[in-house]
Amino acid sequence: SGWMPHDASMTTALALRLDEELVILDAGSGLCHLLRNPYRRLIPPAGQAIHVYLTHLHLDHLIGLTFLPGLWSNPTVVHVPVDEAGGTGPETLDHLLGGPFFPVAFERLLPVISREAVRPGEWPAGDLRMRARRQEHPAGSLGYRVGDLLAFMTDCVHDDTAVDLARGVRILVHEAWSSEADDPGAVRARAGGHSSAEQAARVASEAGVGELLLSHLPPADATHHAEMLRRAQTIFPRTALCFDGLTRQLD
């Protein structure tokens with residue numbers, strides 16, 4: 001879900017379990033599901049590090065960081081996008097965690113927690129490689145690719161270079177903030193820094209992905225979401241809607 005929780009979806013949080021490692025993309029309110037099974041099984045043994053990669057610093061994508069003291073005690077690294085133009089990066093979390101907005105400072109959330117800057121580029125992640133791409137959104141955002149398993153693009157205006165990040169992945173998770181039935185040309189979506197369901201489907205089709213999952217859906221009723229899905233499927237049939245608890249096996 002985008003912006004606010006609704007129906008069967010909280011705000012964005014995606015958990016990717018890779019052998020003994022847990023990688024989390026965005027820390028929205030959906031992170032609270034890791035408090036109980038079946039999701040709790042995703043948390044690795046206590047000594048194994050957990051990596052949280054944020055796409056950007058809007059509240060609906062990082063509110064779950066305030067849940068960490070109740071979720072696990074694992075060593076945790078929070079990877080924070082850097083926006084040189086806006087002067088934001090890992091230090092920005094000091095303004096959001098701790099007084100007056102939250103009673104616990106970042107360094108006290110867990111016994112072992114750190115933060116690292118993340119910029120566009122590529123780097124190793126265990127046996128895989130991760131890649132980040134700059135996206136157009138108010139204050140900016142990053143799209144991520146994890147090996148050939150997954151590409152994750154949320155809070156982004158559509159542009160043609162998105163295809164390269166997603167090319168050939170098994171799963172593309174892409175935001176869908178509108179349908180071009182009620183927003184021709186995705187004009188309103190673009191004005192807010194977002195994409196349409198049809199644009200997400202075109203990226204999936206051109207990139208040759210295995211499946212498209214539409215995420216960051218608007219606060220609308222199920223009928224509207226179903227119509228967004230139908231229109232996306234006319235472009236890329238292997239499309240589904242995200243909902244809390246949706247699971248895919250990637251090996």
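Heavy atoms of the protein only, probe of 1.4 Å, neighbouring chains included. What is the accessible area of Phe102 in Å², nearest 10?
40 Å²
Contour minus end-to-end for Glu20 and Ala139, with contour as 0.36 nm per residue of separation and end-to-end as the Cα-Cα distance?
Taking Glu20 through Ala139 to full extension adds about 39.5 nm, to one decimal.
Using 0.36 nm times the number of residues separating Arg129 and Leu59, minus their current alpha carbon distance, what extension gain do you get?
The Arg129-Leu59 span can extend by a further 22.4 nm.
Per residue, what volume in Å³ does the Cα convex hull of the stretch 146-234 take up?
83 Å³
Using a probe radius of 1.4 Å on heavy atoms only, what accessible surface per residue do you get for the stretch 104-174? Whole Å² is fine.
44 Å²
Treat the stretch 1-144 as a sphere of radius equal to its Kirkwood radius over Cα pairs and apply Stokes-Einstein at 20 °C in a medium of 1.002 mPa s; give the translational diffusion coefficient in µm²/s, rounded to a whole number.
Taking Rh from Cα pairs, D becomes 138 µm²/s.
What is the calculated FRET efficiency for Glu122 to Arg238, with r their C-beta to C-beta distance and R₀ = 35 Å, to the nearest 0.05?
Efficiency, rounded to the nearest 0.05: 0.85.
Using modelled backbone amide H atoms (1.01 Å from N, in-plane), which distant-in-sequence or interchain residues come within less than 5 Å of Ala125's amide H?
Met130
Relative to the longest principal axis of the C-alpha atoms of the chain, give the angle of the C-alpha long axis of helix 197-207, reported between 0 and 90° and rounded to the nearest 10°.
90 degrees
Rounded to the nearest 10 Å², what accessible area does Ile171 have for a 1.4 Å probe in the complete protein model?
Answer for Ile171: close to 10 Å² accessible.
Report the dimensions of the stretch 6-64 along its three principal axes from the alpha-carbon atoms, largest first, rounded to Å.
That gives 31, 24, 15 Å along the principal axes, largest extent first.
By what distance, in whole Å, do the Cα atoms of the stretch 73-115 stretch along each of the three principal axes, largest value first?
34, 24, 8
What is the angle, in °, between the Cα long axis of helix 222-235 and the longest principal axis of the Cα atoms in the chain? Nearest 10 is fine, range 0 to 90.
Roughly 70 degrees between the two axes.
Pick from Ala162, Ala27, Ala125: which residue has the top mean-square fluctuation in a GNM of the chain where Cα pairs under 10 Å get a spring?
Maximum fluctuation in the GNM of the chain, among the listed residues, is at Ala125.
Relative to 2.2 N^0.38 Å, what does the C-alpha radius of gyration of the chain come to as a ratio? Two decimals please.
After normalising by residue count via 2.2 N^0.38 Å, the value is 0.96.
Okay, helix-only estimate at 222 nm for the chain: each DSSP H run of n ≥ 4 adds -39500 (n - 2.57), divide by all residues, round to 500 deg cm²/dmol; what do you get?
-4500 deg cm²/dmol
At 7 Å along Cα-to-Cβ for each site, give me the label-to-label distance between Asp159 and Glu227 in nm.
Rounded to a tenth, the inter-label distance reads 3.1 nm.
Once the cut-off is 18 Å, how many percent of the Cα-Cα pairs in the stretch 110-197 end up in the long-distance tail?
50 percent
Please give me the summed charge of the neighbours of Ala232: other residues whose Cβ is under 15 Å from its Cβ, Lys and Arg +1, Asp and Glu -1.
Charge balance near Ala232 sits at -4.
The values are calculated or read from the model by the stated rules, or taken from the named source; none is laboratory data. This structure is a prediction, so every number in the text was calculated from the model and none was measured. Note that we place each Cβ from the backbone using ideal geometry, even for glycine, and neighbour counts take in every protein chain shown. The area values use the complete protein model at the heavy-atom level, side chains included, leaving out ligands, DNA and RNA. Shrake-Rupley method; radii C 1.70, N 1.55, O 1.52, S 1.80 Å.
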